[in-house]
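Here is the structure we will look at, set down as structure tokens.
The values are calculated or read from the model by the stated rules, or taken from the named source; none is laboratory data. Predicted, not measured: the structure shown is a model, and the values here were computed from it. Methodologically, a virtual Cβ is constructed for each residue, glycine included, from the backbone with ideal geometry; neighbour enumeration extends over all protein chains shown. All accessible areas refer to the heavy atoms of the entire protein, side chains included, with ligands and DNA or RNA removed. Shrake-Rupley method; radii C 1.70, N 1.55, O 1.52, S 1.80 Å.
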Amino acid sequence: KTRVTALVFALFFLALTLVSCAGTVVISCGKQSYDARLFSFALTLSKTQTLAKIQGTSQNLQDHASIWTTDLGDGSTYADLVLSSCLNTVKMTLFYANYATERGAELSKEEEAAAMQNVTAILNTFSPRQEFDSYMAKYGFDYDLIRRYYLLDMLSQKGMRLFYNSTDTSLTNDDVRAYYEEN
């Protein structure tokens, strides 16, 4: 009887582990969320943008571990700055996308097309498409992930417009951040 109980518990916990590995939610707000892959993509974009600012160019970026451990004078590092900036952006994206969803807002064909322009711009830097797929696969990214990222961003922009155009929601960014933390 003890062995059977132990086996049932072992299978249960194994199943939980397998389920949690499939699309693990890293951060969410309401019905909107970032899974590990989507958050990794957002963090990669934030890191690349920071690296371009540090080096003064977006061409031939050189990444070194020492850059990210550089003390910025206040005890924080560039790595801290990138993570904090990315988290703040993701929180706001999720909040506004959820706000739009709660109000039944959906992307129009024009908004979808605008979001897809970003995806197309990325695709156009690779030729042929297999080069894009091969390059992105090294980082765990793919076309569908990038598409999802930019569509969620566009929904967030729509939610932000709805939020600030509503007479009921003339709040500050601190109010939005507090609401996010509570929800």
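What is the number of the single condition among (1) acidic (Asp, Glu); (2) more than 16 Å from residue 45 (Cβ to Cβ); (3) assigned to a helix (DSSP H, G or I); (4) in contact with a helix residue (DSSP H, G or I) (Cβ under 9 Å, 6 or more places away or on another chain) that residue 106 does not meet?
(3)
Does the stretch 18-41 contain any residue that is over 20 Å from the mean Cα position of the chain (by Cα) and open to solvent by 60 Å² or more (accessible area, probe 1.4 Å)?
Looking through the stretch 18-41, at least one residue is over 20 Å from the mean Cα position of the chain (by Cα) and open to solvent by 60 Å² or more (accessible area, probe 1.4 Å).
Does the stretch 161-183 hold any residues that are open to solvent by less than 90 Å² (accessible area, probe 1.4 Å), part of a helix (DSSP H, G or I) and either modelled with pLDDT of 85 or more or hydrophobic (A, V, I, L, M, F, W, C) (or both), and which are they?
Hits for the stretch 161-183 are 162, 163, 176, 178.
What is the number of the single condition among (1) open to solvent by 40 Å² or more (accessible area, probe 1.4 Å); (2) at negative phi; (3) out of contact with any Phe, Trp or Tyr (no Cβ under 8 Å at 6 or more places or on another chain) that residue 73 does not meet?
(2)
All but one of (1) closer than 23 Å to residue 137 by Cβ; (2) among the small types (Gly, Ala, Ser); (3) open to solvent by less than 70 Å² (accessible area, probe 1.4 Å); (4) without any contact (Cβ under 8 Å) to a residue 24 or more places away in the chain hold for residue 58, so report the exception by its number.
Every condition holds for residue 58 apart from (3).
Quickly run through the stretch 138-160 and pick out the residues that are touching a residue at least 60 places away in the same chain (Cβ under 8 Å) and open to solvent by 80 Å² or more (accessible area, probe 1.4 Å).
Those that are touching a residue at least 60 places away in the same chain (Cβ under 8 Å) and open to solvent by 80 Å² or more (accessible area, probe 1.4 Å): 139, 148, 160.
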